[in-house]
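Notes follow the structure.
The values are calculated or read from the model by the stated rules, or taken from the named source; none is laboratory data. Worth saying up front: this structure is predicted, and the values here are computed from it rather than measured. No Cβ is skipped: glycine too gets one built from the backbone with ideal geometry, and neighbour counts run over all protein chains shown. Surface accessibility is based on the protein's heavy atoms, side chains included, excluding ligands, DNA and RNA. Shrake-Rupley method; radii C 1.70, N 1.55, O 1.52, S 1.80 Å.
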Amino acid sequence: RRLIRPGQKASAHIIATFGYDAALRLVRGGASRPSPPALTDRQVDCLLLAAAGKSEWEIGQILNISRSTVHYHIVKAMRLYGVYKRQQLIFRALRDGLISFSDIGDF
């Protein structure tokens, strides 16, 4: 019997990401989080659309920019946050209040 159905993998990844962050805070002695990095308006636009499940190509079409420019903005935001996956970026931005679930629901 499977513990996680295919449609639940994204949710499991979210839970694991938050759990990992919480474990790091405990190991570090509950050190407070640094303030979130300042993202540009365009980086936030790309982030919101990525959080809504849009591909780089779709985001480019919506924002009238190239797919490679979208990729640049997302990668730059990931570097500013110090993460290596798009999902980590989205969840850190949600945790930090940079974006909200209601913002994502608008797309």
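Computed quantities for the displayed model
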read-out: So Ala10, is it modelled with pLDDT under 90, surrounded by fewer than 15 Cβ atoms within 10 Å (Cβ to Cβ) and within 20 Å of Ile104 (Cβ to Cβ); value: yes
read-out: Residue count, region 38-72 (criterion: closer than 13 Å to Ile99 by Cα and open to solvent by less than 50 Å² (accessible area, probe 1.4 Å)); value: 10
read-out: Val83 touching a Gly at 6+ places or on another chain (Cβ under 7 Å) and surrounded by 16 or more Cβ atoms within 10 Å (Cβ to Cβ); value: no
